[in-house]
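Undergrad: Dumping the structure here so I can ask a few things about it.
The values are calculated or read from the model by the stated rules, or taken from the named source; none is laboratory data. The model shown is predicted, which means the values in this text are computed figures rather than measured ones. Here the Cβ positions follow ideal geometry from the backbone for every residue, glycine too, while neighbour counts run over all protein chains shown.
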C-alpha cells in the first residue's frame, strides 16, 4: 500500500530539517565546560609569559604603526593575548561567575594600562613622529568595526568551545584588531594629541564590549551551566552585581554604536549626494568636508570653475531630502574661503586653464602638456588630524609654462589656508609629506 502524499511530504520535511539542524549544530564537538572555562581563565591571566608576550606584541605593533607596515601590525595581533580577559568576562557573565568577571575586568585593565604605558614610551623615544595612514585608521571607529568585533567575537568563542582547537583564534585576533588602537592611544599621549588618544580608546572600548557580548550570547546558546550558591541571598547579590556591570558597560556602547551607524549612513548619503548633484562640465568640487553632529549635519563644499547661480544652488539644496539628508545644511563656497581672506582668482585661472581646456584642445595630441589623469587621493581627514589649524586646501594637477624656455611641465599644486602663520620648517615638512602622500614627482605648495 502506497504511503499517502501528505505523510510522505512530512517525512521528507523532517529529514531535511534534521539534516540542516545537524549541520549547524554547535553542540557537536563541544568541549567539556570545565575545560573551556579553565582554558579561558588561563588566557585571562597576565603574569609571567603572558605578560611578556603582551609587552613584545605592543612593541611590535607600535613599530608597525610607526613605519606604516601592515605585515608587522598583523604579526603583532597574532601574538597579542588580549582576547583572553575579554572572553573571560563574557563567560563569567554567561555563567553567573562573579569571580571570573572580576578577574577578567582586573586583568583587562592591567593589560590596557601596560599596553598604553609601553606604547607611549616607545613613541616618546622613537625619532619618527609622523602619523602614518595605518595609525590614522585607528583614530575613528566606523560601523564596520562594530560588525567585525561582534562577528569576530562569535567566531572566537565558538572556536574556544571546541575539543579540537583550530587557527580561528589567531584569525579573530587579526580581525578584531585590539592591539593597534591601544598603541595609537600611546602615540596620542606621547605626542600630546588628545584627539588620537580618545579616538583610539573609543575604538578599543567598542571592540572589547562587542566581543564580550558575542561571547555571552554563544555561552547562553550552548547552555553552559550557571554557577549556583548555597546561600540564595548571595546568589541574588552576585546576579545583581553582574547585571549592574553589564548595564554600565552595554548601555554606553549601544549608544556609541548607534552614533557610529548614524554617522556612517550620513556620510554615505552625503557622498552620493555630492557625486550625483555636482556633475558639471565647467565646475568641480575640490574640497568636501562632512560634519556629523547630533544638533545637525553639514556638507561643506569648495568649488572651482564657473560659479553656480543662486537658483541652481537652491535647486540642489531642495534635493537633500531625496538623499535622506533632512537635517543637513549645505554650505557652498565658490573660489573664496569663508572669511574672504584668500583670493583664489590667480590660482583658479591657472587651474581652470588646464582642467577645462580639453573642450578646445580635444584634437591636439601633445603628451607634454596633457594633465595627469590619475585622480589625487582624498586626504581631508588626515590633514584635519595632522593640522587642526588648517582651514581649507585645494589640490590639482596643473601645467606650468616657462617664460624663458619653450617648456611646459605638469605639476601638482596645493594651496592651503591656515588660521595662523606657519613656520618655514613646518612648511617644508608639510610639502614633503604632501609629495609622499599624494605620490607625485613635482609639487608646489602655496600658503597665502
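Undergrad: What do you reckon, is residue 57 part of a helix (DSSP H, G or I), surrounded by 10 or more Cβ atoms within 10 Å (Cβ to Cβ) and within 23 Å of the chain's Cα centre (by Cα)?
TA: yes
Undergrad: Kindly provide the set of residues from the range 43-54 that are in a helix (DSSP H, G or I) and out of contact with any helix residue (DSSP H, G or I) (no Cβ under 8 Å at 6 or more places or on another chain), ordered by number. Before you say what the answer is, go through the steps one by one.
TA: As a first pass, look at the range 43-54 and keep what is in a helix (DSSP H, G or I): 43-44, 49-54.
Listed by number, the residues that qualify are 49, 52.
Undergrad: Moving on to the next point. Got a number for residues in the range 244-298 being touching a helix residue (DSSP H, G or I) at 6+ places or on another chain (Cβ under 9 Å), over 22 Å from residue 141 (Cβ atoms) and assigned to a strand (DSSP E or B)?
TA: Final tally of qualifying residues: 4.
Undergrad: Oh, and also: With (1) over 23 Å from residue 89 (Cα atoms); (2) at pLDDT 80 or above; (3) not in a helix (DSSP H, G or I) as the list, and residue 225 as the residue in question, which single condition is left unmet?
TA: Tallying (1) over 23 Å from residue 89 (Cα atoms); (2) at pLDDT 80 or above; (3) not in a helix (DSSP H, G or I), residue 225 fails exactly one: (1).
Undergrad: Regarding the range 108-129, can at least one residue be identified that is in contact with a helix residue (DSSP H, G or I) (Cβ under 7 Å, 6 or more places away or on another chain), modelled with pLDDT under 85 and in the same structural domain as residue 44 (by TED's automatic domain parsing)?
TA: Yes, the range 108-129 has at least one match.
Undergrad: Something else about it: Out of 239, 264, 269, 232, which single residue is at pLDDT 80 or above and over 22 Å from residue 202 (Cα atoms)?
TA: 269
Undergrad: Which of the residues belonging to the range 434-448 are under 24 Å from the mean Cα position of the chain (by Cα) and either surrounded by 13 or more Cβ atoms within 10 Å (Cβ to Cβ) or not in a loop (DSSP other than H, G, I, E, B) (or both)?
TA: Correct list: 434, 436, 437, 438.
Undergrad: Let me spell it out: the conditions are (1) closer than 30 Å to residue 322 by Cα; (2) assigned by TED's automatic domain parsing to the domain that holds residue 90, and residue 262 meets all of them except one. Which number is the exception?
TA: (2)
Undergrad: Only one of 369, 364 is in a loop (DSSP other than H, G, I, E, B) and either at pLDDT 75 or above or surrounded by 13 or more Cβ atoms within 10 Å (Cβ to Cβ) (or both). Can you tell me which?
TA: 369 is the lone residue from the list that is in a loop (DSSP other than H, G, I, E, B) and either at pLDDT 75 or above or surrounded by 13 or more Cβ atoms within 10 Å (Cβ to Cβ) (or both).
Undergrad: Give the residue, chosen from 50, 43, that is within 30 Å of residue 111 (Cβ to Cβ), at pLDDT below 80 and surrounded by 10 or more Cβ atoms within 10 Å (Cβ to Cβ).
TA: Going through 50, 43 in turn, the sole match is 43.
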